[in-house]
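Working notes for the structure below.
The values are calculated or read from the model by the stated rules, or taken from the named source; none is laboratory data. Predicted model, so just to flag it, every value in this text is computed and none were measured. Cβ placement follows ideal geometry from the backbone for every residue including glycine, while neighbour counts extend to all protein chains displayed.
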Amino acid sequence: MKHVSTSYGRSVGSIGHLFKRAYSTKQEGGRLAGKVAVITGGGDGIGRESCLLFAQHGAKVVVVDVNKKRGGETSDLIKKSGGEAIFQYADVSVASDVAKMISIAEQTFGKVNVVFNNAGVMLSEDDDAVNTSEETWATTMDINVKGVFLGCKYGIPAIQRAGGGSIINTASFVAKIGAATSQLAYTASKGAVLSMSKELAVIHARQNIRVNALCPGPLRTDLLDKFLDTDEKRNRRLVHIPMGRFGQAKEIAQAAVFLASDESSFMTGTEFLVDGGITASYVTPL
Ligand SMILES: NC(=O)c1ccc[n+]([C@@H]2O[C@H](COP(=O)([O-])OP(=O)(O)OC[C@H]3O[C@@H](n4cnc5c(N)ncnc54)[C@H](O)[C@@H]3O)[C@@H](O)[C@H]2O)c1
């Protein structure tokens, strides 16, 4: 039987055995066992799927949202399936709400290991430079950029108190490439999230705090469904996706679990693209 040595020089058995260990959550108590995660925008889409998947992998989850009904539902779903979760209301663009979200997490579960700054908006009035109003610009920046900044401002000291951890900031593939279907404020906000994440990653790299940006491609969530409300609008995008389909929120949640877990222990400052190949492509398959 071929034995494999881990980085600790310990023989752990056959390749098959190692595979089983890596993919069985039960044997190791879950990939996020012992971790406390705060997830914003947990009432819907990527946030909800992430809350559910984080809990499934053993994390205690603080579900955060402005939508009390949807956020409460997510927390209830976790508790009903045997996990640990609370719902905490916060508007991520309001400093006192974000400070409270972190302190409630510490009071309830004793520490914070993971902050997933995921809440974001894409406003339907968002357009090109000429047609986007200052109000649309300001609201988008307040939630998408200031919201992530505040999550880091109050989350980082808590993660330091816990001895280290992982911050995941939801950016987007639109931070990487331009689109003629303009949504200028949104695109600029996601570019800011990407730059902010890289700088924070470098600042905190020797403090056992990792900061990664997660860049989803277009997904079938409420956010995109509201925006792409006709076949014509949807097909205008689909032709540019090599895989020929929109992604699912769960496919982003799976990436978030990886970035939150110790499996990504040598990753910081990345722009983790989960986009069906969009940013790699020139001409897509027929
Ligand atoms: N859906 C996509 O195609 C797509 C693609 C790339 C990136 N993203 C990004 O992923 C993140 C999640 O998007 P989604 O598609 O799951 O959206 P969604 O609309 O399905 O869910 C967003 C959640 O955030 C909450 N929220 C909105 N404003 C908030 C605020 N100020 N404070 C707290 N909570 C707030 C909403 O109530 C909602 O529950 C966003 O940052 C979005 O920009 C989405």
Task: Pair list, Cβ < 7 Å and 6+ apart or interchain, from the range 239-253 residues that are in a loop (DSSP other than H, G, I, E, B) to residues that are charged (D, E, K, R) and more than 7 Å from the ligand (Cβ to nearest atom) - done: PHE246/ARG220; GLN248/ARG220
Open item on the list: Give me the residue from the range 197-242 that is polar (S, T, N, Q) and within 13 Å of the ligand (Cβ to nearest atom) and, out of that set, surrounded by the fewest Cβ atoms within 10 Å (Cβ to Cβ).
Closed with: THR221
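Can you tell me how many residues within the range 130-157 are polar (S, T, N, Q) and surrounded by fewer than 14 Cβ atoms within 10 Å (Cβ to Cβ)?
Count: 2.
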TODO: Restricting attention to the range 259-268, report how many residues are surrounded by fewer than 16 Cβ atoms within 10 Å (Cβ to Cβ) and either touching a residue at least 12 places away in the same chain (Cβ under 8 Å) or charged (D, E, K, R) (or both).
DONE: 4
Open item on the list: Between ALA105, ALA99, ALA37, ALA59, which is out of contact with any Ser or Thr (no Cβ under 8 Å at 6 or more places or on another chain) and either of a type in the set (Ser, Thr, Tyr) or surrounded by fewer than 21 Cβ atoms within 10 Å (Cβ to Cβ) (or both)?
Closed with: ALA99
Task: Top-ranked residue in the range 172-196 [being of a type in the set (S, T, N, Q) and either within 11 Å of the ligand (Cβ to nearest atom) or surrounded by 20 or more Cβ atoms within 10 Å (Cβ to Cβ) (or both); ranked as farthest from ASN144 (Cα to Cα)] - done: GLN183
- [ ] Could you tell me whether any residue of the range 49-67 is more than 10 Å from the ligand (Cβ to nearest atom), assigned to a helix (DSSP H, G or I), in the same structural domain as GLY155 (by TED's automatic domain parsing) and among the acidic types (Asp, Glu)?
- [x] no
